[in-house]
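Quick note: the coordinates plus some simple rules give every number you see, no bench work behind them. Since the model is a prediction, treat every value here as computed from it, not as a measurement. Don't worry about glycine lacking a Cβ; one is built from the backbone with ideal geometry, like all the others, and counts go over all protein chains shown.
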Amino acid sequence: MNLRCAEERLNKVIYLLAVRPGDVRKRLIRAFTTELCHLPEEVFPEDLREAWRTIIWMLTKHGHQELANGKIIDSCTCTMERIRNSTGSKIAEKIYDIWYEVKKRIEYGEPK
């Protein structure tokens, strides 16, 4: 996987965050489970990896939950159930920021 693959996945995420119905937390769950969880930090340039790790941490910081019936609720869903919508908006903004930086680097090349 390379930076162009990351761009393709992030394009889908930005679309999802912009047009899907529901509050941002629901859209973030969808974005994480369909696209973001498949993006390893290694596809990002070294100087963007910390920002990527922060996004993933913010999306999953509360960990998964195992219910009495054995069903497991993923860490993103558990986290989104505990945060405010305003925090979800901040996460979405961080995703936008890294998407924008990736697009710039693909279009104009790596920064010197």
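The residues packed around S75, meaning those with a beta-carbon under 13 Å from its beta-carbon, carry a net charge of -1 if Lys and Arg are +1 and Asp and Glu are -1. For the range 3-108, the relative contact order is 32 percent, taking Cα pairs closer than 8 Å that sit 6 or more residues apart in sequence and dividing their mean separation by the residue count. Axis angle, to the nearest 10 degrees, between helix 46-60 and the longest C-alpha principal axis of the chain: 20 degrees. Each Lys and Arg adds +1 at its Cβ and each Asp and Glu adds -1 at its Cβ; summed about the Cα centre, the chain shows a dipole of about 440 debye.
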